[in-house]
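The values are calculated or read from the model by the stated rules, or taken from the named source; none is laboratory data. All figures in this text were calculated on a predicted structure; none of them were measured in a lab. Neighbour counts run over all protein chains shown; Cβ positions are idealised from the backbone, glycine included. Areas reflect the complete protein model, heavy atoms only, side chains present, ligands, DNA and RNA absent. Shrake-Rupley method; radii C 1.70, N 1.55, O 1.52, S 1.80 Å.
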Amino acid sequence: MVRDMEVKCEYCGSLFSAALTKCPNCGAQNDSIARTAADQPHTIDELIEWYKSKGLPPYNVTRFFIGENYKGERAFGIYLDTNSGNIVVYKNTSSGKRCIHYEGNDEEYAVNEMFQRLKAEILQQKMLNAKKK
């Protein structure tokens, strides 16, 4: 089963897959997709390389698991499910419950979801560190 979030078109009001760049009904741009970085990764492998190139700590420190189906608590992750062929973006809560943020075959969309969450976390950590100084 493919899980996908839907968004409401700001122009015509129809619901459509958040993974689409345009509304299939009226052709309006999907503004919920944020792809703004010059070095934006498009695949899981590119995301792994981006992560390494930034010199970020190991996954068990940041709690972001790229290319891994990590089952532990308090983690974000993305991986290719070899059984279904789907890309899965997930969040494991502190209670051990898994929330699926995306499951489908649009790797670029899934990687973007993970990339945006990772960038937001990096920004938050930088702000916390600046406050401590």
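Here is how the numbers come out for the structure above:
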item	result
Phi-based couplings in Hz for the range 85-97 (Karplus 6.51, -1.76, 1.60; Gly and Pro marked x)	x, 8, 8, 10, 10, 9, 9, 9, 7, 5, 8, x, 6
Rounded tilt (10° steps) of 44-53 against the dominant C-alpha axis of the chain	40
Using a Förster distance of 25 Å, the FRET efficiency for Asn30-Val61 (Cβ separation, nearest 0.05)	0.15
The range 8-133, accessible surface, carbon-and-sulfur percent (1.4 angstrom probe)	49
Rounded accessible area of Met5 (nearest 10 Å², 1.4 Å probe)	100
Degrees between helix 107-132 axis and first principal axis of the chain (Cα, 0 to 90, nearest 10)	40
Å² per residue, accessible surface of the chain at 1.4 Å	62
Total charge dipole magnitude, the range 77-133, about the Cα centre, Cβ charges on Lys, Arg, Asp, Glu only, Debye to nearest 20	740
Charge dipole of the chain about the Cα centre (unit charges at C-beta), most positive-ward option of Ala110, Asn83, Thr62	Thr62
222 nm mean residue ellipticity, helices alone, for the chain (DSSP H n ≥ 4; -39,500 (n - 2.57); rounded to 500)	-9500 deg cm²/dmol
Rg to Rh, two decimals, where the chain supplies the alpha carbon set and Rh follows Kirkwood	1.00
Lys, Arg +1 and Asp, Glu -1 on Cβ, resulting dipole of the chain about Cα centre, debye, nearest 20	920
Rough spin-label spacing in nm, given labels placed 7 Å along Cα→Cβ, for Lys54 and Arg74	2.0
For the chain, cysteines whose Cβ has no other cysteine Cβ within reach (under 4.7 Å)	Cys99
